[in-house]
Every structure is written in structure tokens, then in C-alpha cells.
Amino acid sequence: MGYEESVLIGGRWQAGSRGLFDVVNPATLEVVAQVSDAGVDDAIAAVDAAHAAFRGWAATAPRARADLLMKTRELMLRDAEELAQLIALENGKSLTDARGEVVYAAEFFRWFAEEAVRPHGDFGSSPAGGTRTIVTHHPVGVAALVTPWNFPAAMATRKIAPALAAGCTVVLKPAAETPLTALAVARLMAEAGVPDGVVNVVPGEDAPAIVAAWTDDPRVRKISFTGSTDVGRQLLRQAANRVMNTSMELGGNAPFIVTADADVDAAVDGAMIAKFRNGGQACTAANRFYVHADVAAEFTAKLGARVEALKVGPASEGSDIGPLISAKALANVQRVVEGALVTGARIAFQSQPATAPGHFFTPIVLTGVTSESEVVREESFAPVAPIVTWTDTEDMLDQVNSTEYGLAAYLFAGDLGAGLKLAERVEAGMIGVNRGLVSDPSAPFGGVKQSGIGREGARVGLEEYTETQYFSVAW
Ligand code: NAD
């Protein structure tokens, strides 16, 4: 409670023009907060503030900007437990996952604080002689950031940190399901000393109206979106009207490949992380398992034993797996699993069901699944591990690549050289080789095909918020 004035514009916390909306804990279905519901006028006022703050922030010395980012990280770590509890409260994920997310989210501030001060630019002579070329990079301007509910802290900091490091000011719309964590991070940024207007936060239920106000506004020069491919497509169309700079982190359908010579125990450890971290609600979540027939029985039995041991329930009960975010998400996974069962799949293993009233889906391992099944073709965003067995490498690769998505993939192989050669042929932006985790602030996170455009993290994550300018100088 106490979120009646939770729209942050120009350093001032204020009420939203549309009243309040409820934030519900998906594990208990209790309303945990009522948050200001921002409208179009608030969205525009946020741009006014970000635009007014831009010139000063862009002119602030990189070292001074970096110090503020580093300070924000320290404050996040100071309040890590409080932030983890807040994430668990509004998102439902386990406290282990929530605590891990806080550290990961804070790390973006450290990484981009370090990147902010690295010189970037170029100086050269033209091939014909007589001129010198000086290349510089400038902050793109006011950036609109739109984030999903599945990592309420990290998806925001992965955008805010590089934007501020580059000298941009931002307007952020967190997902309506999980606005509390982003608001807490914004409070910490103010405490760290980030100037008024540099970070503006506009929580609200009417996402299309808020974001359209930003894509319509010529002062907003960039939109960085993380969410579903459908909404990403829509925002690309809107951004096209003003040829806006865009970064799109969209949906995935990660394959998890196990070869005949893989270390099966290591593959099972990797699968538990790639599939069950965040209850399967990650864009990088392994969505389909392609396991070589020689090791399929052993892999399935060992994975099954681990799944049976998972504790499903509210974070407050020390669970491993929380609920899905909504009744709609639950209905969707129930439908695709039902479809698989009708066409010959079977539930080989499952956890003990939760007893709480939330949107819980009991984790399962599905066998007898075919590549045509919807549970394999579409992102299930749930703790479902469908296992497809294979013997022919080319046929397996065809199945792996026959999707419009190309975000993450995982491959476990005994022979690392052969495994890398195989991994190179997987159409994905990020591939975990003998690892079940690819997220790392120092690495370029992003997808190919309809999983997105652009990268977050690494050096390139900062470049997404800059424009290039060059000077041709008579010499
Ligand atoms: P979503 O697309 O429904 O929503 C994401 C954000 O967009 C939210 O803030 C939402 O309020 C807003 N939004 C929704 N409709 C909008 C519209 N018409 N106009 C403007 N804004 C709108 O996605 P979600 O359900 O919150 O998140 C799950 C999806 O996000 C999955 O597909 C997942 O794979 C993807 N995801 C991708 C990454 C990545 O880095 N590639 C990371 C996390 C999640």
C-alpha cells in the first residue's frame, strides 16, 4: 500500500490521471498494492521532464554519470532482501529466483558504469589523403523503455543503465502486473543522486495509450521494448511512422539439445536451470528438449526425479517454483499440454501440486512429444519439459530451426569441438554450451529472426542508445 502517488515525473511523485489500479500477488490472489494509473497526459508530462533534463545529463561528465550508476548498484545491494521480497510479492517467483534477479539486475549498473567512461570513437585518414575522419557517438535523446513482468528488476535495469551511461534520459513503463519493483529502483536512483527528470516512471494499465503517446512524440528518439513478439511487431509499426531508433527483445522458443556423448548429469543440472528457473517464465527458458535416443531414457529419468522433488507454492513457503503470472497464462499452458496429450504425449513425471489458491501449474516432464505439437512450436512460458528424441543430426537440426524464433538455445555435448560446430548451426542469438544459463551483463543478449532486433548488455548495449556522427576534416 502507499502507492497513491507513484507516477514519477521530473523528480516529483504524483497521482495518475486515471486513478489507481490493483497489483495482485499471483500466488495468493491478494491485492498487494494500489498503484497510480497513469494516462496519456502523464505520459506526455514525463517526456516534457525527460526532454528538459536531457541537455544537462548528456553534458554531465561520463565519470560523474558512472558514479551515480555505481552508487545505485550499492543501494540495490544494500536493500537486496527488501527488493527480492517485493519481486516475489508482485511476480510470485521463489525467493531464490528473486534474490538472484536482484544481484543480476544490480550488475547492469556496475557493467554500464564501467562502460560509460571507456572512450569510444575513431580517428582516421581517408584513402585518397587530404582529409581526416573523426567519428564520435552521441546519446540518441529521450528513450522510451517498455518492460515485461517476468523479471521486474532486471528488464528495467538492463535498459536504464545503458541509456543513462550513454547520456540519454528515459521514460519507463513497467508492466502493469509488476510495477512495484521498478518504482523501488527509481527511488534508489533518486537516493543515489540521479538528477530529477533523468528517470521518469509511468505505471499504468492502458499500455497501448501510454506507449502510443511516446511513439507519436517527436521528442522521443528511441524505443526499447522487451515483451512478446506480437506487441513488438505493433510497436515497430508505430515506430516506423517517425523512423524511430528501436531495440526489440521479443519472444523465444529455446531448444535444449543433448547429444549421445553428453554428460547426462551435467545436462540435467543445466536443464533444471534452463527450464525451471523463474518457473519457466523466461524468454530464454528451454521450451523443447531434443535428446539423443541413446541417452533419452537416462536423461528423462534423472530429470523426472529432480522435477518430482520440486516444491511448488508461494514464495513465502520457501518454494522452488511459484505460480504463473495470470489466469490467462495458466489457461494457455493447460490448453497446449492438453493438445499434446491428445496426440500421444504422456506426463512421465510431475511435482506435487501447490495447495495455495494462485495460478499454479504443476511442473511436468512430457514424453512421446512430436515436433508438430503446439507445446513445442509455441513458447509455453511454464514449467513444462517436453522431450523429443532424435537419432539423425540433420533431421534434428531441421526441427530445431523450424521456428520463427531465435533467442536462446542450449547444447550439451561430450566432445566440445563437435558440440560447438553443431551449436553454430543453431539459429539463435545466444547459445549455452554445456551451460543452462546465458544471461550475463557483459555479454550481448538478444535474438535473431522474430526474437528481436538489437542487443542488451555488453558494449553494444550502450551503443543501442547512441547515434554516430563523423567529421570530415580538411588536412
Ligand atoms: P507483453 O508484450 O504482453 O508486454 C510487455 C510490455 O508491453 C508490458 O509493459 C505491457 O504493458 C506492454 N504492452 C502490452 N501491449 C502493448 C501495446 N499494445 N502497446 C504498447 N505496450 C504494450 O509481454 P509480457 O507478457 O509482459 O512478457 C512475456 C513476453 O516477453 C514473452 O514472449 C517473453 O519471451 C518476452 N520476453 C522477452 C525477453 C527478451 O529479452 N527477449 C525478456 C523477457 C520477456
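The values are calculated or read from the model by the stated rules, or taken from the named source; none is laboratory data. Being a predicted model, the structure only gives us computed values, none of them experimental. Heads up, the Cβs are rebuilt from the backbone with ideal geometry, glycines too, and the neighbour counts pull from every protein chain shown.
Pick out the one residue from Ala153, Ala163, Ala212 that is surrounded by fewer than 24 Cβ atoms within 10 Å (Cβ to Cβ) and hydrophobic (A, V, I, L, M, F, W, C).
Numbers: Ala153 fails: surrounded by fewer than 24 Cβ atoms within 10 Å (Cβ to Cβ); Ala163 fails: surrounded by fewer than 24 Cβ atoms within 10 Å (Cβ to Cβ).
After ruling out the rest, the residue left standing is Ala212.
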> What pairs can you find where one residue is in region 429-446 and free of Cβ contacts under 8 Å to residues at least 60 places away in the same chain and hydrophobic (A, V, I, L, M, F, W, C), the other is away from the ligand (no atom under 13 Å from the Cβ) and assigned to a strand (DSSP E or B), and their Cβ atoms are less than 6 Å apart, with a gap of 6+ or different chains?
Replying inline: Ile431/Ala409; Val433/Leu411
>> Every residue in region 1-19 that is under 24 Å from Ala84 (Cα atoms) and assigned to a strand (DSSP E or B), please.
In response: Tyr3, Val7, Leu8, Trp13
>> Looking only at region 337-364, count every residue that is within 21 Å of Phe299 (Cα to Cα) and not aliphatic (A, V, I, L, M) and tell me the total.
In response: 8
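Return a yes/no flag: does region 89-99 have any residue that is at pLDDT below 95, of a type outside the set (Gly, Ala, Ser) and more than 26 Å from Val202 (Cβ to Cβ).
Pass one, region 89-99, residues at pLDDT below 95: none.
No; the residues of region 89-99 include none that is at pLDDT below 95, of a type outside the set (Gly, Ala, Ser) and more than 26 Å from Val202 (Cβ to Cβ).
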>> Checking Glu404 against (1) buried (at least 20 other Cβ atoms within 10 Å of the Cβ); (2) of a type in the set (Asp, Glu); (3) more than 11 Å from the ligand (Cβ to nearest atom), only one condition comes out false. Which one?
In response: (1)
>> Looking at region 236-262 only, could you name the residues that are crowded, with 24+ Cβ neighbours inside 10 Å, over 13 Å from the mean Cα position of the chain (by Cα) and near the ligand (Cβ under 10 Å from one of its atoms)?
In response: Asn253, Ala254
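Just to check your reading of the model, which residue among Val473, Val426 is assigned to a loop (DSSP other than H, G, I, E, B), more than 16 Å from the ligand (Cβ to nearest atom) and of a type in the set (A, V, I, L, M, F, W, C)?
On the way: Val473 fails: assigned to a loop (DSSP other than H, G, I, E, B).
Just a single option satisfies the conditions, and that option is Val426.
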> Among the residues of region 271-287, how many are part of a helix (DSSP H, G or I) and touching a Leu at 6+ places or on another chain (Cβ under 9 Å)?
Replying inline: 9
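How do the strands (runs of 3 or more DSSP E) wholly within region 311-393 filter down when requiring 1 or more residues that are under 27 Å from Ser451 (Cα atoms): which remain?
Numbers: elements: 346-350, 364-367, 384-390.
Per the criteria, 364-367, 384-390.
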> Looking at Leu77, Leu83, Leu95, which is the one that is over 16 Å from the mean Cα position of the chain (by Cα) and crowded, with 24+ Cβ neighbours inside 10 Å?
Replying inline: Leu83
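Is region 408-415 home to any residue that is within 15 Å of the ligand (Cβ to nearest atom), assigned to a strand (DSSP E or B) and under 23 Å from the mean Cα position of the chain (by Cα)?
Just the residues of region 408-415 that are within 15 Å of the ligand (Cβ to nearest atom), to begin with: 408-409.
Among the residues that remain, those that are also assigned to a strand (DSSP E or B) are: 408-409.
Checking which are under 23 Å from the mean Cα position of the chain (by Cα) leaves us with 408-409.
Yes, because at least one residue in region 408-415 is within 15 Å of the ligand (Cβ to nearest atom), assigned to a strand (DSSP E or B) and under 23 Å from the mean Cα position of the chain (by Cα).
For region 28-35, check the following and say yes or no: at least one residue is assigned by TED's automatic domain parsing to the domain that holds Pro218, under 17 Å from Val170 (Cβ atoms) and more than 24 Å from the chain's Cα centre (by Cα). Write out each step before concluding.
Applying the first criterion (assigned by TED's automatic domain parsing to the domain that holds Pro218) to region 28-35 yields 28-35.
Among the residues that remain, those that are also under 17 Å from Val170 (Cβ atoms) are: none.
No, because not a single residue in region 28-35 is assigned by TED's automatic domain parsing to the domain that holds Pro218, under 17 Å from Val170 (Cβ atoms) and more than 24 Å from the chain's Cα centre (by Cα).
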